[in-house]
Amino acid sequence: MISRTLTFDELEISPSDIYVQMGYGDTPPDDMTVAETSAMLATVRELLEARFCFFVTDGTLDPAENRLLVMGRDFAIGRIIARQLRGSERYAFFVATAGAEFEQLQHRLAGSGDMVRVFIADAIGSVIAEKAADKMETALENLISPGGWHHTNRFSPGYCGWHVSGQQDLFTIFPDGRPCGVSLTPSSLMTPIKSVSGVIGLGKNMRKLEYTCGLCDYRQCYKRKIPRRE
């Protein structure tokens, strides 16, 4: 398994990334938001230890039943993901997280009752988790590209027809039951909550395509976010 700890600067987060996550588009609505976001990013920079880990394994895709069989586990990934994974020769399973240090900061902010800062931190955490997953993809590309291999998008339980309970089986196939320090609640939510996990298809003929949001009815998906314009 390949794993890495990432500093804040390595994630290359810009203020506009945070504003988009908040729903404001590239431009914040007022000077207060700019100041609060800048201050929060400075705090996060000092404590952050984001992480990612992944491993590559064989698997068998059953496109007729929309299932992926890996290491004795049967993942009901759904029609959309099964279609995107067709032709994969191997599979990468991953976890990326903003880390326990960031979650502790969120708890402290929640206890303070400052809901503006809580809102800003929540947006920052979501961006950190996705940026950490982006860095995981880069590491994966560096691993497979010398062999002429490519990869699909990343797909996670809870999206595109793959039920969130799929997290339970996904975590059991990692060498460590708490990959990157992330654990699961009985309801299949990850702790720290600002974490992402999932699967990526690998092979010589694979392509990373646009997410097929038009085929999915999950309206709250983060890939579907449209920046709000005033």
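The values are calculated or read from the model by the stated rules, or taken from the named source; none is laboratory data. Predicted model, so just to flag it, every value in this text is computed and none were measured. Glycine also receives a Cβ, built like all others from the backbone with ideal geometry; neighbour counts cover every protein chain displayed. The accessibility values were calculated without ligands, DNA or RNA, using every heavy atom of the protein model including side chains. Shrake-Rupley method; radii C 1.70, N 1.55, O 1.52, S 1.80 Å.
One table, with the values for the structure above:
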read-out	value
Scope segment 14-56; condition in a loop (DSSP other than H, G, I, E, B), at pLDDT below 95 and not acidic (Asp, Glu); matching residues	SER14, GLY23, TYR24, GLY25, THR27, PRO28, PRO29
Matching option when the condition is closer than 19 Å to GLY158 by Cα and open to solvent by less than 40 Å² (accessible area, probe 1.4 Å), among THR97, THR57	THR97
Search result, residues across segment 60-75 that are open to solvent by 10 Å² or more (accessible area, probe 1.4 Å), under 21 Å from MET206 (Cα atoms) and not acidic (Asp, Glu)	THR60, LEU61, PRO63, ALA64, ASN66, ARG67, LEU69
Looking only at segment 1-13, and only at residues there that are out of contact with any strand residue (DSSP E or B) (no Cβ under 7 Å at 6 or more places or on another chain) and in a loop (DSSP other than H, G, I, E, B), the one that is farthest from VAL56 (Cα to Cα)	ILE13
PHE55 being touching a helix residue (DSSP H, G or I) at 6+ places or on another chain (Cβ under 8 Å) and among the aromatic types (Phe, Trp, Tyr)	no
Some residue of segment 151-159 being more than 13 Å from the chain's Cα centre (by Cα) and not in a helix (DSSP H, G or I)	yes
For ALA133: the one exception among (1) crowded, with 19+ Cβ neighbours inside 10 Å; (2) part of a loop (DSSP other than H, G, I, E, B); (3) not basic (Lys, Arg)	(2)
Residue list for segment 13-29, filter: of a type in the set (S, T, N, Q) and surrounded by fewer than 19 Cβ atoms within 10 Å (Cβ to Cβ)	SER14, SER16, THR27
Among the residues listed as SER188, SER195, the single one being open to solvent by less than 30 Å² (accessible area, probe 1.4 Å) and free of Cβ contacts under 8 Å to residues at least 40 places away in the same chain	SER188
Residue in segment 59-73 that is on the phi < 0 side of the Ramachandran plot, of a type in the set (Val, Ile, Thr) and touching a helix residue (DSSP H, G or I) at 6+ places or on another chain (Cβ under 7 Å) present	no
ALA64 vs. criteria small (Gly, Ala, Ser) and assigned to a helix (DSSP H, G or I)	no
Residue check for ALA82: under 26 Å from ILE144 (Cβ atoms) and either open to solvent by 20 Å² or more (accessible area, probe 1.4 Å) or not in a strand (DSSP E or B) (or both)	yes
